[in-house]
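Working notes, beginning with the structure itself.
The values are calculated or read from the model by the stated rules, or taken from the named source; none is laboratory data. Everything quoted here is computed from the prediction, not taken from an experiment. All Cβ positions, even for glycine, are placed from backbone atoms using ideal geometry, and neighbour counts span all protein chains on display. The accessibility values were calculated without ligands, DNA or RNA, using every heavy atom of the protein model including side chains. Shrake-Rupley method; radii C 1.70, N 1.55, O 1.52, S 1.80 Å.
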Amino acid sequence: MVDNFGAIGIILIFAILFPIVMLAIPKMVAPRKPGKEKETTYECGMETRGETWIQFKTNYFLYALVFVAFDVETIFLYPWAVQFRKLGTFAFVEMFIFIAILLVGFWYAWKEGALEWK
Amino acid sequence: MPQYGSGLFVSIAHLIRGLFGGTTVTADVVMTVINSLIIWALIALAALSLILLERKVAGWMQLRTGPNRLGPRGWFQTVADAMKLLGKEDIFPAAADKWVFGLAPMFVIGLSVMVMAVIPYGKGMVPVDLNVGIFYLLAVSALTTIPFFMAGWGSNNKFALLGGMRAVAQMISYEIPLVFSLLGVVMITQTFKMSAIVNAQSHVWFILLQPLGFVVYTIAATAETNRAPFDLVEGESELTAGAFTEYTGMRWALFFLGEYANLFIVSAVAATVFLGGWQGPFLPGWIWFAIKVLFMVFLFLWFRWTFPRLRVDQLMHFGWKVLLPLSVANILLTGVGIYIYQLIYPAIGG
């Protein structure tokens, strides 16, 4: 018997192959005529001005930080959810502690204006 | 209730297994390879038919005819489009970061193939029935953010950069309500296994036990697939095509394929987790599954052609300040509900 994750491994190979096969077909049949004008950056016909790879708006970074906190919480919540009914009252009390920790962090982020789009 | 003919594909799989000695390693490998090829076909089929469906439904909702020239009622339109795309030149902009630019669409479609491996298409029809199924599904589909950002950054185009940045902000914001909305179901079923979640719904579908979870999931899934009213990532009227602006030919088509594969995936997950998956009377299980997926797809199409696009601050506000508290409330309600239920019927709990 192949282990479940062995099967996932085989599917991973096919997942990598799929786009390669899909791109191999146009490689054979599609024309390939590179040109200077054709390869310019498309910005609706205007000449592109200035750098594109710049330091970007910090708003996005704040959301990302809050996201990381919540995502880690999620990883803890899932195993807890599976065991919820087996653990009985312990899990029930723990739920409020978990959610309380989560909400304190959420409230802080909200209060500090990390969730405001400026 | 009995289902007729639901074992058709299972019997075929059993027959093929028999050729390679039943439960040997060879049989498992051969079955997985066949399953992978079926997933390939399913992605292509889903994309071709869903694009046609989308255009037809859009036409119907806007009192137009939609595509109606190629074949009967225009059924071959998407096939013709796909053939055309295969013959288009693959242009790499001179300013782009070639590797990041080239790899992004390949990641999108590869991740779709990986996710489709754990979806239960019918009774006994799960390509890989992982014991951490739903967790794996969320983890792998969460990675979809990365190729969008790769496309946005690698293109070295200002529209693409804005699109990529928006994609990251939007997808991570709606990731959390999405993940939390499925937590209630895990608490009830005590399992991550997709087939076990479907089996647990033989008496009652979880949409009735988790109505709030279903609503939050549906909204968050719309945002995760970057569909209107949350299509700021593409935002045709403001960003040309967002992160996909510089892509041409098959590389662009891979993004499109991935988009519709993801639409299929989120619909299939909703059907599995909330609508009872393959459960249903008389008809074979995989037909029930297909009906439920099509219902969910139709719902997403309906959203797209009904609601206007949100503004970016409204989008973030809605995700963090409305959906997230709602999904946390759903966890609390489910926990209290299960606890009271177990107090009343202690024999069933545990």
query = Quick one: Debye curve from the C-alpha atoms of region B:1-80, no solvent, what's log10 I(q)/I(0) at q = 0.16, 0.26 Å⁻¹?
reply = -0.76, -1.11
Separation between Cα centres of region B:49-76 and region A:15-77, rounded to whole Å = 30
ask   = Kirkwood Rh, chain B, all Cα pairs: how many Å?
value = 21.5
query = Which lysines have a Cα lying under 19 Å from the Cα of B:Lys193, excluding residues fewer than 8 positions away in the same chain?
reply = A:Lys86, B:Lys123
key: Most mobile listed residue (B:Ala142, B:Ala151, B:Ala243) in chain B, GNM with C-alpha springs under 10 Å   = B:Ala142
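Sorted by accessible area (1.4 Å probe), largest first, how do B:Leu254, B:Leu48 line up? Can you show the working numbers first?
Working: B:Leu254 0, B:Leu48 60 Å².
Solvent-accessible surface, decreasing: B:Leu48, B:Leu254.
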message = Please check: in the Gaussian network model of chain B (C-alpha springs, under 10 Å), which one of B:Ile146, B:Ile340, B:Ile265 has the largest mean-square fluctuation.
response = B:Ile340
task = Specify the residue with the greatest mean-square fluctuation among B:Ala160, B:Ala220, B:Ala241, computed from a Gaussian network of chain B linking alpha-carbon atoms under 10 Å apart.
result = B:Ala241
key: For the protein assembly as shown, accessible area per residue (1.4 Å probe, heavy atoms of protein chains only), Å²   = 46
ask   = Label 7 Å along Cα→Cβ of A:Arg49; region B:225-249 residues with amide nitrogen under 20 Å?
value = B:238-240
request  = List, in order, the whole-Hz ³J(HN,Hα) value for each residue of region B:172-187 obtained from phi through the Karplus relation with A = 6.51, B = -1.76, C = 1.60 and θ = phi - 60°; use x for Gly and Pro.
outcome  = 6, 5, 8, 4, 5, x, 4, 5, 5, 5, 7, 5, x, 5, 4, 4
inquiry  = Heavy atoms of the protein only, probe of 1.4 Å, neighbouring chains included. What is the accessible area of B:Arg166 in Å², nearest 10?
reply    = 40
ask   = In terms of Cα to Cα distance under 26 Å, which lysines are near enough to B:Lys56, apart from those fewer than 8 places away along the same chain?
value = B:Lys84, B:Lys88, B:Lys292
task = Would you mind pulling out the separation of the Cα centroids of region B:295-331 and region B:125-144, in Å?
result = 23
remark   = Between A:Met28 and A:Leu103, the two model label points (7 Å from Cα along the beta-carbon direction) sit apart by a distance in nm of 6.2
note = Cα-based Rg and Dmax for the protein assembly as shown, in Å, come out at 23.1, 75
query = What do you get when you divide the Cα radius of gyration of chain A by 2.2 N^0.38 Å, with N the number of residues?
reply = 1.85
remark   = The B/A contact buries a total accessible area, at probe radius 1.4 Å and rounded to the nearest 100 Å², of 7200
